[in-house]
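*Asks:* I have a structure I would like to understand better, so I am pasting it below and will then ask my questions one at a time.
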């Protein structure tokens, strides 16, 4: 009789713990809320370029080219779900290379229609040369809450 009482006690104490462990909610990756992309009415003409990858110019949120500097190459890294730097000021004629360092694909899409990359898998790059001054807001075509701006002076 003591064996049955011990067995019933164990079942009453252990079973809820096992069930709670199996029914615990999973912890999925947080999903940022989708923000509407602001579309600019600025029209721009630009041509694509396939220049080599340049080193990342800065991990800061904003990077500016030196005043009076000639055209150059700049890199925007995509470490996860953001563009680094998210805002970049460059001289006319410069090219920007976006490099996908994330484990998920991304796509660079101009809000004005000035440029669009193919889907960039991990390690892929996309380069665009900016031949006209202006402000070029862009976003990820797959994750629209990812946004950035290129200002060409």
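*Asks:* Inside the stretch 115-126, can you point out the residues that are in a loop (DSSP other than H, G, I, E, B) and farther than 17 Å from residue 152 by Cα?
*Replies:* Pass one, the stretch 115-126, residues in a loop (DSSP other than H, G, I, E, B): 115, 117-119, 121-124.
Selection gives 117, 118, 119, 121, 122, 123, 124.
*Asks:* Now, a different point. Looking at (1) in contact with a strand residue (DSSP E or B) (Cβ under 7 Å, 6 or more places away or on another chain); (2) under 18 Å from residue 77 (Cβ atoms), which one does residue 112 not meet, given that it meets all the others?
*Replies:* (2)
*Asks:* Given the conditions (1) within 18 Å of residue 85 (Cβ to Cβ); (2) assigned to a loop (DSSP other than H, G, I, E, B), report the number of the one that residue 135 does not fulfil.
*Replies:* Here residue 135 clears every test but (2).
*Asks:* Check off (1) touching a residue at least 40 places away in the same chain (Cβ under 8 Å); (2) surrounded by fewer than 22 Cβ atoms within 10 Å (Cβ to Cβ) for residue 146 and give me the number that stays unchecked.
*Replies:* Result: residue 146 passes all but (2).
Any read-out appearing in this document is the output of simple, stated calculations on the displayed coordinates, not a laboratory observation. The structure presented is a predicted model; accordingly, all values stated were derived computationally and were not measured. Every residue, glycine among them, receives a Cβ derived from its backbone with ideal geometry; neighbour counts consider all protein chains shown.
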